[in-house]
1. Between LEU17 and VAL31, what length comes free when the chain is fully extended (0.36 nm per residue of separation minus the Cα-Cα distance, one decimal in nm)?
2. Sorted by average packing, counted as other Cβ atoms within 10 angstrom per residue and highest first, what order do 4-10, 20-26 take?
Amino acid sequence: MRSQVRWGIALIVIGALLGLIIPFFGIPLVVIGIALIVWRGREDTIEEIRE
C-alpha cells in the first residue's frame, strides 16, 4: 500500500472520529484524506509525461 493511501485512510478515520466530537475540525481531515486517495498516482503520471 502506498504512503498516500495509508495517510488518506488515517486522516479519514481521525477526521471521522474527531467529527463526532467537533464537526468543524473533522470535516477538513476527511476531505484531505479522500483527496490523497483520489490523487495518489498523479506524480507518477506527471513523471511519465516528461520522459
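Every number here is computed from the coordinates shown, using simple stated rules; none is lab data. Quantities reported herein were computed from a predicted structural model and do not represent experimental measurements. Backbone-built Cβ (ideal geometry, glycine too); neighbour counts: all protein chains shown.
1. Values: separation 14, 0.36 × 14 = 5.04 nm, distance 1.36 nm.
Extra length available between LEU17 and VAL31 comes to 3.7 nm.
2. Details: 4-10: 15.1, 20-26: 10.6.
Going by the mean number of other Cβ atoms within 10 Å, highest first, we get 4-10, 20-26.
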